[in-house]
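Each remark here refers to the structure printed beneath this line.
The values are calculated or read from the model by the stated rules, or taken from the named source; none is laboratory data. In this text the structure is predicted, and so the values were computed from the model without any measurement. Backbone-built Cβ (ideal geometry, glycine too); neighbour counts: all protein chains shown.
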Amino acid sequence: MVQKPIKEQKMVLIILLSNIFIAFLGIGLIIPVMPSFMNIMHLSGSTMGYLVAVFAVAQLITSPFAGRWVDRYGRKKIITFGLFLFAVSELIFGLGTHVSVLYFARILGGMSAAFIMPGVTAYVADITTIKERPKAMGYVSAAISTGFIIGPGIGGFIAEFGIRLPFFFAAGIAFLACILSLFILKEPLTKEQMEELSSNSKQSNFFGDLKRSFNPLYFIAFIIVFVLAFGLSAYETVFSLFSDHKFGFTPKDIALIITISSIFGVVFQVFMFGKMVDKLGEKKLIQICLITGVILAAASTVISGFWMVLLVTCLIFLAFDLLRPALTTFLSRSAGKEQGFVAGMNSTYTSLGNIAGPAAAGILFDLNIHYPYLFAAVIMFIGLSITFMWREKQFAENVAD
């Protein structure tokens, strides 16, 4: 395991960051074309919700295995396999003419995300010094955000030349990343290190951890995690469908709104998040973001016009962008000696919310296009109510025991 300064490993880091960027770019690419795709294939809103949810289900189920395989088989193999799987899933989705094929493609996509994420983060941790690791992990996080931001924009513009083209483009760049990784990346671990890691990694009992999370003091925190993921994913899933059905926005319009809103959110997060946490504390910031989310989700049903939609979307995306890191920071700070358990359960409850939210939003969209937004507002209001039951000192003491 060679740990060198970042300056000496630029090429390897660029390849690793490109891999994670491409995976999230591919996920973002398809957002603005989904309404048109839905119309062409005569799909219902509930089907679109299930297509988003099935990706999260596959990722949730595959993640525990992927984490262990990264140690057992090595970082490079898992990363390249994940990229190959991602390319195949995008290609199948682009070619799909029957809904069952689309589901299969989304399952492969969710599995690929479960392989790429731990592979890249473990590789980056292996090759960086402890001092430079936070900086390198910051780069990984930035690559994910940038992929999400640029993805819808590129997808919207490529779709002008053909509605299936964004999927083929995503497949092409993923295959390219897979080939580059195969030839340029070297496995950072020796065979002995892999065997040692594999034997050391206790097969953590997922169901045991889940049972522990029902402890009343943990449970309130994790229920908030679930409620937020549920509400946010419900809102985000139907955004492009809502904009298409209600306002007749084109993929290009939707791409523009999502791209501008995402850039606004990320810039604000980078420059203001730390200052806001220092001034307000995580709990108060979470509550302010939730109040904003409730009001704007409800307002989304009555506004009209491109500029008004852009303004409300910018503000609601900003609330979401501040909410996620505030909640993660709060949990991490309160976790005491139980960082692994709390981080694992944070991820699990987020995934469960990401599965249930889009599925519920899709079903409600078929009943009335305003229902998913009103439902998201209600869910976030429930989350807000629960935060007032949250005793952070008690939680921290309990975890430290």
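Name the single residue, out of those in segment 246-276 being closer than 17 Å to residue 318 by Cβ, crowded, with 18+ Cβ neighbours inside 10 Å and β-branched (Val, Ile, Thr), that is modelled with the highest pLDDT.
Out of the qualifying residues, it is 257.
Looking at (1) in contact with a Gly (Cβ under 7 Å, 6 or more places away or on another chain); (2) part of a loop (DSSP other than H, G, I, E, B), which is the one condition that is false for residue 118?
Of the numbered conditions (1) in contact with a Gly (Cβ under 7 Å, 6 or more places away or on another chain); (2) part of a loop (DSSP other than H, G, I, E, B), the odd one out for residue 118 is (2).
Determine whether segment 87-99 contains at least one residue that is part of a helix (DSSP H, G or I), modelled with pLDDT under 80 and either among the aromatic types (Phe, Trp, Tyr) or buried (at least 24 other Cβ atoms within 10 Å of the Cβ) (or both). Talk me through it step by step, then tell me what you get.
Looking only at segment 87-99, we keep the residues that are part of a helix (DSSP H, G or I), and these are 87-95, 99.
Restricting the remaining residues to those that are modelled with pLDDT under 80 gives none.
Looking for residues that are part of a helix (DSSP H, G or I), modelled with pLDDT under 80 and either among the aromatic types (Phe, Trp, Tyr) or buried (at least 24 other Cβ atoms within 10 Å of the Cβ) (or both), one finds none in segment 87-99, hence no.
Only one of these conditions is not met by residue 326: (1) surrounded by fewer than 23 Cβ atoms within 10 Å (Cβ to Cβ); (2) in contact (Cβ under 8 Å) with a residue 12 or more places away in the chain; (3) within 22 Å of the chain's Cα centre (by Cα). Which number is it?
Only one criterion is unmet by residue 326, namely (1).
Can you name the condition, by its number, that residue 113 falls short on among (1) aliphatic (A, V, I, L, M); (2) free of Cβ contacts under 8 Å to residues at least 12 places away in the same chain; (3) buried (at least 19 other Cβ atoms within 10 Å of the Cβ)?
In the conditions (1) aliphatic (A, V, I, L, M); (2) free of Cβ contacts under 8 Å to residues at least 12 places away in the same chain; (3) buried (at least 19 other Cβ atoms within 10 Å of the Cβ), residue 113 misses (2) alone.
Report yes if residue 163 is in the same structural domain as residue 16 (by TED's automatic domain parsing), modelled with pLDDT of 75 or more and not in a helix (DSSP H, G or I), otherwise no. Reasoning before the result, please.
Details: in the same structural domain as residue 16 (by TED's automatic domain parsing): yes; modelled with pLDDT of 75 or more: yes; not in a helix (DSSP H, G or I): yes.
Judged against the criteria, residue 163 is a match.
What number goes with the only condition from (1) at pLDDT below 75; (2) out of contact with any Gly (no Cβ under 7 Å at 6 or more places or on another chain); (3) in a helix (DSSP H, G or I) that residue 209 does not pass?
For residue 209, the failing item is (2).
Take segment 1-35 and flag every residue that is at pLDDT 80 or above and surrounded by fewer than 17 Cβ atoms within 10 Å (Cβ to Cβ).
Within segment 1-35, 14 is the sole residue that qualifies.
Among 43, 108, 60, which is the only one that is part of a helix (DSSP H, G or I), farther than 23 Å from residue 346 by Cβ and not β-branched (Val, Ile, Thr)?
Working: 43 fails: part of a helix (DSSP H, G or I); 60 fails: farther than 23 Å from residue 346 by Cβ.
Of the residues listed, the single one that is part of a helix (DSSP H, G or I), farther than 23 Å from residue 346 by Cβ and not β-branched (Val, Ile, Thr) is 108.
For the structure I just gave you, tell me whether residue 52 is modelled with pLDDT of 85 or more and within 16 Å of the chain's Cα centre (by Cα).
Numbers: modelled with pLDDT of 85 or more: no; within 16 Å of the chain's Cα centre (by Cα): yes.
No; evaluated as a whole, the condition is false for this residue.
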